[in-house]
């Protein structure tokens with residue numbers, strides 16, 4: 001398992017535990033299912049989604 005740090009407008013909004021071998025689509029689905037992220041995205045349009053792998 002790994003932890004995804006989720007930011008909305010540059011602010012940390014959630015940390016989600018997912019399988020280490022998750023693909024991009026799976027990670028996006030997990031983030032969108034987060035109630036905390038959904039609450040902060042309410043009324044907003046998703047413009048850009050970035051994913052970065054940690055070094056190491």
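Only the coordinates and a few stated rules stand behind these numbers; no lab work does. Being a predicted model, the structure only gives us computed values, none of them experimental.
Overview of values
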| item | result |
| --- | --- |
| Alpha-carbon gyration tensor eigenvalues x 5, square-rooted, for the chain, Å | 19, 12, 11 |
| Computed [θ] at 222 nm, helices only, for the chain once each DSSP H run of length n ≥ 4 contributes -39500 (n - 2.57) | -8500 deg cm²/dmol |
| Sequence-separation-based contact order of the range 2-41, relative, with Cα cut under 8 Å and 6+ spacing, percent | 38 percent |
| Degrees, to the nearest 10: 24-33 long Cα axis against longest axis of the chain | 40 degrees |
